[in-house]
Amino acid sequence: MEAVILAAGYGSRLGYVTDNIPKSLITIGGKTLLDRTLKILRKNNVRDIVIVTGYRRDKILEHLKEKYYLNINFVHNHDYDTTNNIYSLYLAKKALSGGDFYIINSDVLFHERIFQHLHASRKKGLVLSVDTTKKLTDESMKVVSIGERLIWISKKIPIQEASGEYIGLAKVTEEEHAKLFRSLKHVMKNKGVHVFYEDAFQHMMDTGSSVTYEPTRGLPWIEIDTLEDLRIAREKVYPRIVRAKYQ
């Protein structure tokens, strides 16, 4: 198995915190978000990693230069400041083998068992990790499902119609690998490079691909976009992750 970690973004809403480092190198509980993700991948035998860099690429390379326990392939998004994550994900194509792989947003702190549930899933196609219990907001990347099949993904979904929130962690199985990159290319051609990669997920749903989900089962996670998110991650979510390890 392979994994793509999207770590190109600037993180402007975090203010001074990301003046000199990318979001992936924010420290929580003494470890960076990137190290936490890599540790989870390593423990679950996902050792072929593609990291898409952008803002402060030098910091990521310096941080990882002596970590030889994984096969890390770096892909650089030179246009990180004028493109969105759809373009970063598309750039990873050339570094992948064409089989199953994971998509992981580098600004997400998540409990290891969330990944393990996705890793163990026998579902085919595109499988998203979805929180079906969290209170949603207008900023949530919401989804609508019929049974286990996802039919709509967007921040614009009315909260009362949503089935849950996509957390920024997905598995693409070999059956839909090529379709995903065709969908990414199609969306960029028609909508440009400033949209989210979830628009390509929507295109796959609309054109008959198998798009399902694995629930997070109430396990803790958080996407860190703002200083308030970072405070909550450090003061509330990380302590919950530590406690959940022993439950």
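The values are calculated or read from the model by the stated rules, or taken from the named source; none is laboratory data. From a predicted model like this one, the values you see are computed outputs, not experimental measurements. Neighbour counts run over all protein chains shown; Cβ positions are idealised from the backbone, glycine included.
A few comments on the model shown:
- Residue ID - farthest from Lys236 (Cα to Cα), chosen from residues in the stretch 23-44 that are free of Cβ contacts under 8 Å to residues at least 60 places away in the same chain and surrounded by fewer than 18 Cβ atoms within 10 Å (Cβ to Cβ): Arg42
- Near pairs, Cβ below 9 angstrom, 6+ apart or cross-chain, from the stretch 113-126 (farther than 20 Å from Trp221 by Cβ) to any residue that is in a helix (DSSP H, G or I): Lys124/Glu174; Lys124/Glu175; Lys124/Glu176; Gly125/Glu175; Gly125/Glu176; Gly125/Lys179; Gly125/Met204
- Qualifying positions in the stretch 122-134 - out of contact with any helix residue (DSSP H, G or I) (no Cβ under 7 Å at 6 or more places or on another chain), within 25 Å of Phe101 (Cβ to Cβ) and of a type in the set (Ser, Thr, Tyr): Thr132
- All conditions in (1) within 21 Å of Lys135 (Cβ to Cβ); (2) among the β-branched types (Val, Ile, Thr); (3) without any contact (Cβ under 8 Å) to a residue 60 or more places away in the chain hold for Ile222, with the sole exception of (3).
- Evaluation of Met188 against (1) in contact (Cβ under 8 Å) with a residue 12 or more places away in the chain; (2) outside any loop (DSSP other than H, G, I, E, B); (3) of a type outside the set (Asp, Glu); (4) more than 23 Å from Leu91 (Cα to Cα) (one fails), failing number: (4)
- For Thr137, the test of being surrounded by fewer than 17 Cβ atoms within 10 Å (Cβ to Cβ), among the β-branched types (Val, Ile, Thr), in contact with a helix residue (DSSP H, G or I) (Cβ under 9 Å, 6 or more places away or on another chain) and part of a loop (DSSP other than H, G, I, E, B) is passed.
- Taking the stretch 136-169 as the range and being more than 18 Å from the chain's Cα centre (by Cα) and on the phi > 0 side of the Ramachandran plot as the test, only Gly147 passes.
- Looking across the stretch 78-103 at every residue that is buried (at least 16 other Cβ atoms within 10 Å of the Cβ) and within 20 Å of Arg13 (Cα to Cα), the one that is nearest to the chain's Cα centre (by Cα) is identified as Asn85.
- Val242 modelled with pLDDT under 95, in a helix (DSSP H, G or I), farther than 15 Å from Val127 by Cα and more than 17 Å from the chain's Cα centre (by Cα): yes
- Selection from the stretch 167-196 of residues that are more than 24 Å from Val144 (Cβ to Cβ) and among the β-branched types (Val, Ile, Thr): Val193
- Residue match in the stretch 104-112 (condition: free of Cβ contacts under 8 Å to residues at least 40 places away in the same chain, crowded, with 22+ Cβ neighbours inside 10 Å, closer than 21 Å to Thr216 by Cβ and not basic (Lys, Arg)): no
- Any hit, the stretch 65-83, residues being touching a strand residue (DSSP E or B) at 6+ places or on another chain (Cβ under 9 Å) and in a helix (DSSP H, G or I): no
- Filtered residue count, the stretch 156-201, keeping only those that are in contact with a Ser or Thr (Cβ under 8 Å, 6 or more places away or on another chain), surrounded by 14 or more Cβ atoms within 10 Å (Cβ to Cβ) and over 27 Å from His78 (Cβ atoms): 8
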